[in-house]
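Read the structure below first, then the notes.
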Amino acid sequence: MTKAVNRPGVPNPRSAATGGALRFGPLACACSGLLVRCVRSRWLRISRAGHKRGSRRQVTAAPPFLGRLPGRLAGAAAAGGASRRTGGHRPAAIRAILPAMRLFHTPGSPFARAVRVALRETGLIAGVEEVETTLRDPASALLPHNPVGRVPALLLPDGTTLTETALVLPFLDSLGGTYPLLPPGDAAARAAFGRILGMMDGIAVWNRELRRPPEERSPGVIALETARAQRVAAALEAEAAAGHWALAGPPDAARIMLGCLLGYAERRHRAWTWREGRPALAAWFDAMAARPAFEATLPPVSGL
């Protein structure tokens, strides 16, 4: 490695003040920002042309080396490439340089559906390839990435796999969608999200019990989860009647999860007649189910 030599009157780009990192002046930053924007623009044109020719994956990623620019240069590039076409809470340039991710899912999972709906609602779906997989299958394509064998599983470009809806949805907020699913500092939004997740966990347990042969079912577990679902649904009905779940804008994480939960009960857990005596909740769900993101991810009907 060549040793940097200080010369009189010539600033050393590697200095103790920067911990040995390269320093770049305003002109270098401006030039590099222009270069990055040109390369990204060309890259996107090539990618889109490939997609029009029949590519199955929607590629919106920029060349991977752009993510390795020094911090100040990357900042200049991101600032210069910000899009004015979206109302996102993060610059669109940040989304533009993200390599495509892969979301493993099954059509019937309400947990995976919540992530799929969120990707569409926030405008992030273009950077994600959805991969339908199998569960409880030793040959499943999911297992090399997530040995737990559960969905949703979001495979990031660096090989990291995020699992569990409670982790994936907050992570999506870091990608700069059109709005936050869990607004920072909003404890009420997180409390509502956690409550619906807990309710969905109980319904999943109830559903699994009903799928067992009759002689293997646990009446105690079924009674416990039935009571839990009825109790939470009664609270939700009262809140929906009071307007607490009304949409003032696009749905947050709790509302997306609740829509997926009721959609699951509607099509895959019909042993629970959740609509009876809950007109406000039913009306709320019908409006939510009509949203394009929900219609595009409708789960198949189950025998239960």
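The values are calculated or read from the model by the stated rules, or taken from the named source; none is laboratory data. Worth saying up front: this structure is predicted, and the values here are computed from it rather than measured. Cβ: placed from backbone, ideal geometry, glycine included. Neighbour counts: every protein chain shown.
General observations
- Test result for Leu197, over 29 Å from Glu129 (Cα atoms), among the hydrophobic types (A, V, I, L, M, F, W, C) and outside the structural domain of Leu119 (by TED's automatic domain parsing): no
- Checked against (1) within 19 Å of Leu181 (Cβ to Cβ); (2) surrounded by 14 or more Cβ atoms within 10 Å (Cβ to Cβ), Ala296 passes all but condition (2).
- Inside region 211-223, residues that are surrounded by 14 or more Cβ atoms within 10 Å (Cβ to Cβ) and in contact (Cβ under 8 Å) with a residue 12 or more places away in the chain make up a count of 2.
- Scanning region 225-263 for residues that are over 21 Å from Gly277 (Cβ atoms) and exposed (fewer than 15 other Cβ atoms within 10 Å of the Cβ) returns Leu247, Ala248, Gly249.
- Enumeration of residues in region 243-266 that are more than 16 Å from the chain's Cα centre (by Cα) and more than 23 Å from Leu304 (Cβ to Cβ): Gly243, His244, Trp245, Ala246, Leu247, Ala248, Gly249
- Of all the residues in region 273-304, those that are in the same structural domain as Leu258 (by TED's automatic domain parsing) and over 20 Å from the mean Cα position of the chain (by Cα) number 16.
- Which listed residue, of Ala229, Ala223, Ala271, is within 25 Å of Ala189 (Cα to Cα) and out of contact with any His (no Cβ under 7 Å at 6 or more places or on another chain): Ala229
- Check on Ser140, over 22 Å from Arg120 (Cβ atoms) and of a type in the set (Gly, Ala, Ser): yes
- Filter result for Gly198 (surrounded by fewer than 17 Cβ atoms within 10 Å (Cβ to Cβ), within 15 Å of Leu236 (Cα to Cα) and within 20 Å of the chain's Cα centre (by Cα)): yes
- Criterion (within 19 Å of Ala253 (Cα to Cα), of a type in the set (Asp, Glu) and not assigned by TED's automatic domain parsing to the domain that holds Met257) met by exactly one of Glu121, Glu130: Glu121
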